[in-house]
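Comments concern the structure below.
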Amino acid sequence: MPYAGSAFQSLLFFSSFYLQALFKLSFHMITKAGVLAFCLLTATTTSYAQVSVAPRIGFGITSVTQAFDPNKPRLTLHAGVEGAYELIENLTLRSGLLLEGKGVRTSDKSGGNSIKASIGFIYLTIPLHAQYSLPIADEFDVWGSAGFYFSAAINGVAKYKYNINGTQSSDSDHIDFGLDNDGIRRGDGGFDIGAGISVPFLANKLDVGFELSLGLVNLNDPDESDELYNRSIKLLARYPLVFE
């Protein structure tokens, strides 16, 4: 394609921006990243790229890894919109905006007493993935994707259940964000890898698959000995509403 070089330049520009963002994580930056993604989408749509816009929904099994000792996973949901921009035949660049849950469950026992905690976060996430599709039969494709994500937490809640000397009680608390407030880091970023299949459905193709996300940003204060990283595996479905 005559515009493949420009497309790859766009990909390199996006990659550089997002990698720098991993080390400058803030809610303000994710807003800028979203505006930049929209502007580039508009430019590529009007010039050369074959574009689809698809709603996405799914659920995930998430956890927060403490060093190399994973806690109990937590079931969460995610939803949002993704755009796909064709770079060359069968190779697309995907980005969008997702609202997704993450978190972890923990428990502790001592004698006849116990405590259980369910910690949940809500993130705004901008993924940036390259996806390659391989036709395997008439109108059926298999696909694989890889890339990275940039997230900012917008809410966090911890729920507790106590059993103290046979007396049960519960409590909840909002989670503070910001290392200056003795909270956890608001921003997160890491790598994604996924795979799935595209099947005919109505006028277009329905994508179903999975995605493994590995957080690379320590959510805890660097001065603390415990390092906390988000981990999740997500099942997803998306369907293009617009295809040009």
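What follows is calculated from the coordinates using simple rules that are stated; it is not laboratory data. The structure presented is a predicted model; accordingly, all values stated were derived computationally and were not measured. Because the Cβ atoms are built from the backbone with ideal geometry, glycine has one as well, and the counts that use them run over all protein chains shown.
Observations, loosely collected:
- A simple spin-label model places pseudo-atoms 7 Å from Cα toward Cβ; at Gln168 and Leu134 they are separated by 5.1 nm.
- Between the C-alpha center of segment 184-244 and that of segment 87-131 there is a gap of 7 Å.
- Highest to lowest packing among 88-97, 217-226, scored as the average C-beta count within 10 Å: 88-97, 217-226
- Length gained on full extension, Leu202 to Leu179, computed as 0.36 nm times the residue gap minus the Cα-Cα distance: 3.4 nm.
- Each Lys or Arg adds one and each Asp or Glu subtracts one; over the other residues with Cβ under 9 Å from the Cβ of Leu214, this totals 0.
- Distance in nm between pseudo-label sites at Leu235 and Ser114 (7 Å out along the Cβ direction from Cα): 2.7
- For segment 84-216, the number of Lys pairs with C-alpha atoms closer than 17 Å, counting only pairs eight or more positions apart or on separate chains, is 5.
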